[in-house]
């Protein structure tokens, strides 16, 4: 009998990472979901991640407190305006101010630490090189370099107990394809949160980059968007 | 006129990283030192790092709070006994229980984030492959892999503004050579802290792996050890 394989899955409470959770579960992994309190402007993402973990019966959900605010430099953690009502072509042409320096590197490093402690050899992250082409740490060459480094970084890997794999099942998918795949796996997108700049009651603004990608994705997928938008 | 080059230097308040600070300053860098509150058993390391930053006139010293305790797995953060009175040959034959999973990866990731925000292209870390051969993330091949990843991870590097370099000036030095080099640069080792398991008043225990390496290093260097030991 094979032991159940564990996976660490990065979960932001958003549409992409929630789809990844469903994909990892569908592949038979026992899921350990990992979220970060990193000085976000609001707490709705973490609330969504918690709801998702409960709804999906995740084995364990850990929120790690990481101090990205002290290094600064992003509209998601610092006092820089979140851009609104941009077209997808404008978004993809440049690296957005919502880019957080080295964020995925920090997040994957924590996932690596937790994976080693758990005895997990699989890490899932919902990066996407299509919709978020402006983020350098969402590209396949970056993920490959992180995986190479990870297999030189940890005691278990160096001792030859296994090979650490960074899974990026969404990396070449459009938002519409992601929504279709998650819907087929039974994901309830109504409890997920994507908005960068929500209303005080937690409703999505409807006009930041994340909301626009989400709205356009549901429209292109031909699936009704369950998100309660404020605007 | 050239702009002054900035460097992010990881500082633990210990002998090695304090020597690295002196080396980076000697190379003309403007120094931004970075320490971590990561759930250590005690606060003496951070107190030492603060003293060192003041004594060396560091441009800015940042303490980032990172949540390594929640992932567990090490004698430095969890309730596992710190080994005592081991010989150097015993230490180097195995990966010690004081190993923190993915610690250097997490620390370097923060350094990378801060470097990008500061516009720095140089990161210094006092890893050593001689005395600490048991730590996978102290080896040159690991550091090289991290540097490769770092240059794919950040906006500034991807946009071709520069090349991120991870400097490891101590990597092939013995403890005695490190102490001699630091002494030549005027380092006051009396304010540094290496001990894994200090007495309640902060004095070094004198018998954990870190204390033994330090004592032996001073003896081999022919330099008087200024450390006040409890035992």
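Suppose we filter the stretch B:125-145 for residues that are under 15 Å from residue B:10 (Cα atoms) and within 8 Å of chain A (Cβ to nearest Cβ); how many remain? Outline the logic, then answer.
Narrowing the stretch B:125-145 to residues under 15 Å from residue B:10 (Cα atoms): B:125-128, B:137-138, B:143.
Retained after the next criterion (residues that are within 8 Å of chain A (Cβ to nearest Cβ)): B:137.
Looking only at that region, the number is 1.
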What are the residues in the stretch A:93-116 that are buried (at least 24 other Cβ atoms within 10 Å of the Cβ), at pLDDT 90 or above and under 19 Å from residue B:123 (Cα atoms), if any? A:105, A:106, A:109
Listed by first then second residue, the pairs whose first member lies in the stretch B:148-177 and is free of Cβ contacts under 8 Å to residues at least 12 places away in the same chain and more than 8 Å from chain A (Cβ to nearest Cβ), whose partner is in a helix (DSSP H, G or I) and surrounded by fewer than 20 Cβ atoms within 10 Å (Cβ to Cβ), with beta carbons under 6 Å and at least 6 positions apart or on separate chains, are none
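In the stretch B:102-116, how many are part of a helix (DSSP H, G or I) and at the interface with chain A (Cβ under 7 Å from one of its Cβ atoms)?
Step one: filter the stretch B:102-116 for residues part of a helix (DSSP H, G or I), giving B:103-116.
When the remaining residues are screened for being at the interface with chain A (Cβ under 7 Å from one of its Cβ atoms), the result is B:105-106, B:109-110, B:112-114, B:116.
Final tally of qualifying residues: 8.
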Taking the condition of being modelled with pLDDT under 90 and within 14 Å of chain A (Cβ to nearest Cβ), how many residues in the stretch B:38-62 meet it? 2
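If we only count helices (runs of 4 or more DSSP H) wholly inside the stretch A:117-231, which ones have 3 or more residues that are touching a helix residue (DSSP H, G or I) at 6+ places or on another chain (Cβ under 6 Å), within 26 Å of residue A:42 (Cβ to Cβ) and modelled with pLDDT of 95 or more?
Numbers: elements: A:140-153, A:155-158, A:175-184, A:209-221.
Those helices (runs of 4 or more DSSP H) span A:175-184.
Which fully enclosed strands (runs of 3 or more DSSP E) of the stretch B:1-73 have 1 or more residues being surrounded by 23 or more Cβ atoms within 10 Å (Cβ to Cβ)?
Result: B:6-10, B:30-37.
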When residue A:183 is evaluated against the numbered criteria (1) surrounded by 16 or more Cβ atoms within 10 Å (Cβ to Cβ); (2) more than 29 Å from residue B:109 (Cβ to Cβ); (3) free of Cβ contacts under 8 Å to residues at least 40 places away in the same chain, which criterion, by number, is the only one it fails? (3)
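The values are calculated or read from the model by the stated rules, or taken from the named source; none is laboratory data. It should be emphasised that the depicted structure is a prediction, and the values quoted were computed from it without experimental measurement. For neighbour counting, all protein chains shown are included, and Cβ atoms are generated from backbone atoms with ideal geometry for every residue, glycine included.
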